[in-house]
Amino acid sequence: MNPKIIGLTGGIGSGKTTVAGFFARKGIPVYIADDEAKKLLYQPAVASKVKDVFGDGVMDNTGLPDRQKLAGLVFADAQKLAVLNSIIHPEVNRHFREWVAAHSDFQYVIKEAAILFESGSYKNCDKVITVTAPVDERVRRVLERDNSSEDMIRQRMQHQWTDEERLAKSDFVIVNDNLQHTEIQVGELIEKLQKLYVH
């Protein structure tokens, strides 16, 4: 039997990866779509498509896509971002299906994805959790972890849905304001999911 798929999303800097970590620590399988997308970007067939579409300017000196150059190009242009997503998302979806099949002995699994709604893949989820945090706090977190500028972070936010849009289509919300409170909310949510899916 296939496990139920619980989507986990939130805007950049909301802390969805932290929340995913809390689920993983409780023994629940977690698929981090963005990490898998980064790995798939370097697969020969995908790298070659990226080069064909975007040209040599986005490749590094080893002939692989340069993520910083690509990000600089696509986050300034919604059309180019859509093209890049159309190359990578089918590969991520295929890889995810294989991963789910390999975890068929679990009642449910978590799929963590930044653009779960924007890519339409929320439609394949049985339930969706959105992680929220205040926008200024999200910007501060990303500034601390990345070498992006504040302008670049806010530009990326503009390509994502707002919290209001996400919450309207979500089944659960986790407010990631402090780690202790967040971990408690994850524990409560696991109890709800157990009642729903574990028989």
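The values are calculated or read from the model by the stated rules, or taken from the named source; none is laboratory data. Just so it is clear, the model here is predicted, and its values are computed rather than measured. Cβ atoms come from the backbone with ideal geometry, glycine included; neighbour counts cover every protein chain shown. With ligands, DNA and RNA removed, areas are computed over all heavy atoms of the protein, side chains included. Shrake-Rupley method; radii C 1.70, N 1.55, O 1.52, S 1.80 Å.
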Checklist outcome for this item: Treating only Lys and Arg (+1) and Asp and Glu (-1) as charged, each at its beta carbon, one finds that the chain has a dipole about its Cα centre, in Debye to the nearest 20, of 420
Checklist entry - Could you give the dipole magnitude of region 121-166 about its Cα centre, charging the beta-carbon of Lys and Arg +1 and that of Asp and Glu -1, in debye to the nearest 20? => result 180
Item to check | Size-normalised alpha-carbon gyration radius of region 133-199, reference 2.2 N^0.38 Å | outcome: 1.41
Checklist outcome for this item: XL table Lys16/Lys49; Lys69/Lys127; Lys49/Lys123; Lys127/Lys192; Cα-Cα > 23 Å flagged, in table order, is Lys16/Lys49; Lys69/Lys127; Lys49/Lys123
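Applying a 10 Å radius around every beta-carbon, put 43-55, 182-194 in order of their mean neighbour count, most first.
Details: 43-55: 14.2, 182-194: 15.8.
Result, highest mean Cβ count within 10 Å first: 182-194, 43-55.
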Next on the checklist: If you count only protein heavy atoms with a 1.4 Å probe, what accessible area per residue comes out for the chain, rounded to a whole Å²?
Outcome noted: 54
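Before rounding to the nearest 500, sum -39500 (n - 2.57) across all DSSP H runs of length at least 4 in the chain and divide by the residue total; then give [θ] at 222 nm in deg cm²/dmol. Mind showing how you got there, number by number?
Numbers: 9 runs with 108 residues, N = 199.
Result for the chain: -17000 deg cm²/dmol, rounded to the nearest 500.
If you roll a 1.4 Å probe over the chain with all protein chains in place, what percent of the accessible area is carbon or sulfur? Don't skip to the end; give the middle numbers.
Numbers: 5340 of 10690 Å².
Result for the chain: 50 percent of the exposed heavy-atom area is carbon or sulfur.
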Next on the checklist: If packing is taken as the average count of other Cβ atoms within 10 Å, what order do 113-126, 63-76, 143-156, 4-17 fall into, highest mean first?
Outcome noted: 4-17, 113-126, 63-76, 143-156
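Highest mean first, how do 168-178, 93-103 rank when packing is the count of other Cβ atoms within 10 Å averaged over residues? The partial results should precede the final answer.
Working: 168-178: 16.9, 93-103: 13.4.
Peptide ranking by packing, descending: 168-178, 93-103.
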Checklist outcome for this item: Quick calc of log₁₀ I(q)/I(0), region 1-149, Debye, one scatterer on every Cα, no solvent, q values 0.13, 0.15 1/Å, result -0.66, -0.87
